[in-house]
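The values are calculated or read from the model by the stated rules, or taken from the named source; none is laboratory data. In this text, all values refer to a predicted model and were calculated from it rather than measured experimentally. Note that we place each Cβ from the backbone using ideal geometry, even for glycine, and neighbour counts take in every protein chain shown.
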Amino acid sequence: MVFGESQDLIRTHFRKEADKMRLMKTNWGLFTRSRNIAQSDYDFIVTYEQADSESERSTVLNVFREKAVYAFVHLMTQISKDDYVRYTLTIIDDMLREDVTRTLIFEDVAVLLKRSPFSFSWVFFIDRINTSFISLSRYSLKWQFLEI
């Protein structure tokens, strides 16, 4: 298999996985009642999911601004199930693809906290992503061509 072909295969696979994640219906209320996430995290994610257009999502992000950053971090660190972490990462990816200037939300909150924008538990996320990718490549027959 030519290297370029394997990259296309990987991209196609990840696009399909992201499409699956976007269709996922999550009962965030369950996580709120079990105190895995705060009410403010619930309020943000439910409102963001209900926004139908880019302008509505921008409005939600502007209203929640700092709480949105915390909600994303909490959704990935407080809920340890891979599907929910992948779902949240897909939402963040979609959010940034719609408008790359939304990265300023993370930067603004970091400035308020006098921290680096990369200190919001990103090490945890990178570890989760790497773990998922390694598991995929190690255990999936479709991914046997990858060398780890």
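General observations
- The listed residue being assigned to a helix (DSSP H, G or I) and either touching a His at 6+ places or on another chain (Cβ under 7 Å) or touching a residue at least 60 places away in the same chain (Cβ under 8 Å) (or both), out of Asp43, Asp19, Asp94: Asp94
- Phe72 being among the aromatic types (Phe, Trp, Tyr) and more than 13 Å from the chain's Cα centre (by Cα): no
- Evaluation of Thr101 against (1) in a loop (DSSP other than H, G, I, E, B); (2) modelled with pLDDT of 85 or more; (3) within 18 Å of the chain's Cα centre (by Cα); (4) surrounded by fewer than 11 Cβ atoms within 10 Å (Cβ to Cβ) (one fails), failing number: (1)
- Verdict on Arg35 being closer than 17 Å to Ser80 by Cβ and not small (Gly, Ala, Ser): yes
- Single residue of Lys16, Lys25 found to be loosely packed, with under 11 Cβ neighbours inside 10 Å, under 14 Å from Tyr84 (Cα atoms) and at pLDDT below 85: Lys25
- Candidate set from region 46-93 (those that are among the hydroxyl-bearing types (Ser, Thr, Tyr) and surrounded by fewer than 13 Cβ atoms within 10 Å (Cβ to Cβ)); member that is modelled with the lowest pLDDT: Ser80
- Residue in region 122-141 that is at pLDDT below 70, surrounded by fewer than 16 Cβ atoms within 10 Å (Cβ to Cβ) and farther than 22 Å from Glu17 by Cβ present: yes
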